[in-house]
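**Student:** Quick one: the structure is below, questions incoming.
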Amino acid sequence: MSDPMRPRASLRTAVVWEVLKEALDDKVEAAGSDALDVLDTGGGTGNFAVPVARLGHRVTVVDPSPNALFALERRAAEAGVADRVRGVQGDIHGLFDVVERGGYDAVLCHGVLEYVDDPAEGVRNAVDALRPSGTLSLLAAGLGGAVLARALAGHFTEARHALGDPAGRWGEGDPVPRRFTAEQLTELVAKAGVEVGAVHGVRVFADLVPGALVDTEPGALDALLKLEAAAAELPAFHSVATQLHVLGQKQGPDRR
Ligand SMILES: C[S@@+](CC[C@H](N)C(=O)[O-])C[C@H]1O[C@@H](n2cnc3c(N)ncnc32)[C@H](O)[C@@H]1O
């Protein structure tokens, strides 16, 4: 039976998934090994961890939420990859209390930096978990996307507040504690010893177009997915994306 939620979910994940999958495939080719060791910090219920395990990789998910880890376990079992997904309760700030330093070919840090106490330390730990030349996949909320969304919803004062707020929040009721510009994210990863390979804008249009249009207009979802993919790579659209994805490779110890 088809899952009615899948098309909408693909709007949130398609761009990141395509970039990540290609990076993992390249790594497999370079390493000459079919199964990589992948760490998903703040991996939650396995939106990425489970599909990565379905590619044949061994995935460790570190997350502070027992509920998320429980859902992850169930989801991995349903997908038939329970033997390749390990959930560990932990925090990105105490990452090496629960996982090995320098033990992973790829580290995912998706939708986590917004919530951590110290984003710079979070990124450093994610990078320190990588083997030399390991791949970092970082996804975080973009400042400009939130400003645009608030303005288009008619919340002009909140939009202006977010523009001037050091954390990029639009007000007290904002559920997201912190947002980033592409420059802030690339600086964070560069300082942690990662060479940036690509930056993509994620959900440039998806959150702004009326849902009914996407759901009812024949072919609209597919066309929107293609538009998102085309715009994601263009720097001009990074400043208005809901999320920003940074892909990079860990440099040698002398490059930090
Ligand atoms: C928005 S969800 C993202 C989940 C998943 N990475 C994804 O892309 O679907 C944020 C996740 O970060 C986790 N989280 C919050 N604070 C964290 C921290 N300090 N260290 C690690 N994970 C954290 C939450 O429990 C939650 O599962």
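**Student:** What translational diffusion coefficient, to the nearest whole µm²/s, does region 90-194 have by Stokes-Einstein, given a Kirkwood radius computed over alpha-carbon pairs, a temperature of 10 °C and 1.306 mPa s viscosity?
**Tutor:** Value of D from the Cα-based Kirkwood radius: 108 µm²/s.
**Student:** Report the gain in length on full extension from Ala79 to Glu195: 0.36 nm times residue separation, minus Cα-Cα distance, nm rounded to one decimal.
**Tutor:** Fully extending the segment from Ala79 to Glu195 adds 38.4 nm.
**Student:** Same structure again: I'd like the distance between the alpha-carbon centres of region 20-57 and region 112-167, rounded to an integer number of Å.
**Tutor:** Result: 23 Å between the Cα centres.
**Student:** For the pair Ala236/Val98, report the inter-label distance in nm, with labels modelled 7 Å from Cα in the Cβ direction.
**Tutor:** The answer from the label model is 4.3 nm.
**Student:** Just for the Cα atoms in the chain, what are the lengths along the principal axes, largest first, rounded to whole Å?
**Tutor:** 49, 47, 34
**Student:** With +1 on each Lys and Arg Cβ and -1 on each Asp and Glu Cβ, how big is the dipole of region 88-226 about its Cα centre, in debye rounded to the nearest 20?
**Tutor:** 280 debye
**Student:** Further question on the same structure: Would you kindly calculate the mean projected area, averaged across all directions, of the convex hull enclosing the Cα atoms of region 130-243, in square nanometres?
**Tutor:** Hull-based average projected area comes out at 8.5 nm².
**Student:** If you don't mind, another one. Mean residue ellipticity at 222 nm from the helices of the chain, using -39,500 (n - 2.57) per DSSP H segment of n ≥ 4 over the full residue count, to the nearest 500 deg cm²/dmol?
**Tutor:** Result for the chain: -13000 deg cm²/dmol, rounded to the nearest 500.
**Student:** What number, in percent, do you get for the relative contact order of region 109-256 if the mean sequence gap of Cα pairs under 8 Å and at least 6 apart is divided by its residue count?
**Tutor:** 34 percent
**Student:** Could you please report the charge total around Val62, scoring K, R as +1 and D, E as -1 over all other residues with beta-carbon less than 9 angstrom from its beta-carbon?
**Tutor:** -3
**Student:** Expressed in nm to one decimal, what extension gain is obtained for the pair Phe156 and Ala120 from 0.36 nm per residue of sequence separation less their Cα-Cα distance?
**Tutor:** Once the chain is fully extended between Phe156 and Ala120, it gains 9.9 nm.
**Student:** Counting DSSP beta bridges with both partners in the chain, what percentage is antiparallel, nearest 5?
**Tutor:** Of all bridge pairs located within the chain, approximately 40 percent are antiparallel.
**Student:** Give, rounded to the nearest 20 debye, the magnitude of the charge dipole that the chain has about its Cα centre when Lys and Arg contribute +1 at Cβ and Asp and Glu contribute -1 at Cβ.
**Tutor:** 60 debye
**Student:** With +1 on each Lys and Arg Cβ and -1 on each Asp and Glu Cβ, how big is the dipole of region 160-250 about its Cα centre, in debye rounded to the nearest 20?
**Tutor:** 320 debye
**Student:** For the chain, set up a Gaussian network in which alpha carbons nearer than 10 Å are linked by springs, and say which option among Glu121, Glu18, Glu233 fluctuates the most.
**Tutor:** Evaluated over the chain, the most mobile residue of the options is Glu18.
Bear in mind these aren't lab numbers, they're just calculated from the coordinates by the rules spelled out. Not measured: the values here are computed from a predicted model. Don't worry about glycine lacking a Cβ; one is built from the backbone with ideal geometry, like all the others, and counts go over all protein chains shown.
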